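Student: Next up is a structure, given as structure tokens.
The values are calculated or read from the model by the stated rules, or taken from the named source; none is laboratory data. Because the structure is a prediction, the values reported are computed rather than measured. All Cβ positions, glycine included, derive from the backbone under ideal geometry; neighbour counts span all protein chains shown. Ligands, DNA and RNA are stripped out before the accessible areas are found, and what is left, the full protein with its side chains, is counted by its heavy atoms. Shrake-Rupley method; radii C 1.70, N 1.55, O 1.52, S 1.80 Å.
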Amino acid sequence: MDSHHSYSQVKGVSTGTTILAVKFNGGVIIGSDSRASMGESYVSSKTINKLIQVHDRIFCCIAGSLADAQAVTKMAKFQLSFHSIQMESPPLVKAAASIMRELCYNNKEELQAGFITAGWDRKKGPQIYVVSLGGMLLSQPFTIGGSGSTYIYGYVDAKFKPDMSLEEAIQFSTNALALAMGRDNVSGGVVHLVVITEAEVKHVVVPGNKLPKFHDE
């Protein structure tokens, strides 16, 4: 186990990341775990940048190389703002996801990043899109990704239900990320969530000492 863990550490930024998104009644939550490396109050730029706002009500979440991800989301932001000026209306979540898909798929040799695009628009309300390995755009009620996600498939499949309340969805997201962090052998992390509804975009940060603890029986 230890040798495996030290090997995965060598791989760099993509290690020990879990990303997720979940629809609830009226909105969508997109979230990730983050490492707070210099004490409780310190929030590194990596913490913020895993969840990137590409338009008012549209966020992308990244598991993989941060440099890759930032380059892609920068291009996506540019294309989306151009798109919304042309259309004279805010972009649809699917349009953002399509742009992300094209950018990722065009760069797939260099890009080792997994993406989730989530947001709210007037046409379809809350939505979540992921890009499959084959480059297909898939719409899902919830999704998880990143290295820690392998530990929590059972948990999220058992606990997810459609039309959760906001409180239930925050609990679901926090528990899933805390569980993944515990299993992924990472301590001192925080959970970072963005709640997107028609009315607002709200950031929620749950510090490590407030995360639920899971103990193997």
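Student: Within region 7-15, is even one residue surrounded by fewer than 19 Cβ atoms within 10 Å (Cβ to Cβ), modelled with pLDDT of 60 or more and of a type in the set (D, E, K, R)?
Tutor: Within region 7-15, not a single residue is surrounded by fewer than 19 Cβ atoms within 10 Å (Cβ to Cβ), modelled with pLDDT of 60 or more and of a type in the set (D, E, K, R).
Student: Quick one: what pairs do we get from region 26-42, first residue more than 23 Å from I196 (Cβ to Cβ), second modelled with pLDDT of 50 or more and surrounded by 24 or more Cβ atoms within 10 Å (Cβ to Cβ), C-beta under 9 Å, 6+ apart or different chains?
Tutor: Listed pairs, sorted by first residue: R35/G189; A36/G189.
Student: Could you list, in sequence order, the residues of region 134-144 that are over 15 Å from the mean Cα position of the chain (by Cα) and either outside any strand (DSSP E or B) or under 13 Å from V28 (Cβ atoms) (or both)?
Tutor: Residues satisfying the conditions are G134, G135, M136.
Student: Report whether or not V195 is at pLDDT 85 or above, under 15 Å from S32 (Cβ atoms) and open to solvent by less than 50 Å² (accessible area, probe 1.4 Å).
Tutor: yes
Student: Do you know which of the residues in region 145-176 that are open to solvent by less than 30 Å² (accessible area, probe 1.4 Å) and within 17 Å of G27 (Cα to Cα) is farthest from the chain's Cα centre (by Cα)?
Tutor: So, considering only residues that are open to solvent by less than 30 Å² (accessible area, probe 1.4 Å) and within 17 Å of G27 (Cα to Cα), the one farthest from the chain's Cα centre (by Cα) is M164.
Student: Oh, and also: Do you know which residues across region 60-87 are buried (at least 22 other Cβ atoms within 10 Å of the Cβ) and either modelled with pLDDT under 65 or part of a loop (DSSP other than H, G, I, E, B) (or both)?
Tutor: Answer for region 60-87, where residues must be buried (at least 22 other Cβ atoms within 10 Å of the Cβ) and either modelled with pLDDT under 65 or part of a loop (DSSP other than H, G, I, E, B) (or both): just G64.
Student: Are there any pairs with C-beta distances below 6 angstrom linking a residue in region 193-212 that is without any contact (Cβ under 8 Å) to a residue 24 or more places away in the chain to a residue that is surrounded by 13 or more Cβ atoms within 10 Å (Cβ to Cβ), with the two at least 6 apart or on different chains, and if so which?
Tutor: Cβ pairs passing all conditions: K202/V195; H203/V194.
Student: A further question follows. When the residues of region 102-119 are filtered to those that are modelled with pLDDT of 70 or more and under 15 Å from the mean Cα position of the chain (by Cα), which remaining residue is farthest from S89 (Cα to Cα)?
Tutor: Per the stated criteria, the residue is F115.
Student: Also, quick follow-up: Would you please name the residue that is most open to solvent (accessible area, probe 1.4 Å), looking only at residues in region 27-59 that are over 23 Å from Y155 (Cα atoms) and modelled with pLDDT of 85 or more?
Tutor: For region 27-59, the residue satisfying everything is D56.
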